[in-house]
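I have placed the structure first, in the form of C-alpha cells, so that the comments after it can refer back to it.
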C-alpha cells in the first residue's frame, strides 16, 4: 500500500483578510471541485507551500501583515514557481503593472464577477500545466531544474547522478507523503523485485549524504517498517 491522498481538480491557496469574502471564495471554488486552503494573512503561507503540492495562489494585496505583491516578489526570488493571481482593490494602471512586475500571472480588480475569476483560474492552470515540464521544483532550501537537471541546496550547486536526481525529484513531487520501497523501485528503477529493496536503502543513504552534509538538514525521514518521506 502506498500512502497517498487522492487529489481533487487542483489545490488553490487563498490569502484574503476579509473573512466573509474568503469563505465565499472557498465555497465557490470547492463547488467547482477545487481543493482550497484559506488564510487571513501570510503567517502560515510559507509552511503550506513547503508541505502541500500547491497549484495556484490567489492573493489580496492589502493584507494586515504585509503588502501582497512585495511578499510574492520575495518568494519569486527564492524560487517559487506556483502561479499567482492577485485579487485586489488596488486597481490603478500603476498598481496592476506593479503586480505583474512582482510576479503575478494574472490580476483581477475588486469588485469582480465570480464567473470571470473562475475563467481566469482555469486559464492560468491550463497555461501552467502545459509548461509543467519547464518548472523548477522546490522544497525548503532544495531547488531542482528538471529541464537542465540541475540541483541546488541553500543556493549552492549539488552534483547528483541520474539515479539520485530522479530519486530526489520523486520525493519532491510526493513531499510529505510516505513512499514505500516498492513504489520507489517502480517509479525510479522501473522494477519492484523483492530482492532489490536493499538497493533503495543504499541509494537513499548516498542521496542523504549529498543533500544533508554538515548543514543540519534532515530532509528525508525513514518511516520504520514502511518506507521514506521528504519532510
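A short reminder: the numbers here are calculations on the coordinates, not readings from a lab. The structure displayed is predicted, hence computed values, not measured ones. Cβ: placed from backbone, ideal geometry, glycine included. Neighbour counts: every protein chain shown.
Quick check on the exposure proxy: order 18, 55 from fewest to most C-beta atoms within 10 angstrom. Write out the running numbers ahead of the final one.
Numbers: 18 14, 55 20.
In increasing order of surrounding Cβ atoms, one gets 18, 55.
Between the helical axis of 68-77 and the dominant principal axis of the chain, each derived from Cα atoms, what acute angle in degrees is found, rounded to the nearest 10? Value to nearest ten degrees: 30.
Under 20 Å from a point 7 Å along the Cα-to-Cβ line of residue 17: which residues of region 60-94 have their amide N that close? Under cut-off, by backbone N: 60-75, 85-92. Placing dummy labels 7 Å off each Cα toward the beta-carbon, the span from residue 163 to residue 205 is 1.3 nm. Computed from the C-beta positions of residue 170 and residue 91, the FRET efficiency with R₀ = 30 Å rounds to 0.10. For helix 162-173, report the angle its Cα long axis makes with the longest principal axis of the Cα atoms of the chain; keep it between 0 and 90° and round to the nearest 10°. Between helix and principal axis, roughly 40 degrees. Between 0 and 90 degrees, the angle of helix 197-211 with respect to the longest Cα principal axis of the chain falls at about 60 degrees.
Packing around the peptides 36-48, 109-121, taken as the average count of other Cβ atoms within 10 Å per residue, puts them in this order, highest first: 36-48, 109-121.
Summing -39500 (n - 2.57) over the DSSP H runs of n ≥ 4 in the chain and dividing by its residue number, what mean residue ellipticity at 222 nm do you reach, to the nearest 500 deg cm²/dmol? Present the calculation step by step, with values, prior to reporting the outcome.
Details: 8 runs with 87 residues, N = 231.
Estimated from H runs of four or more residues: -11500 deg cm²/dmol.
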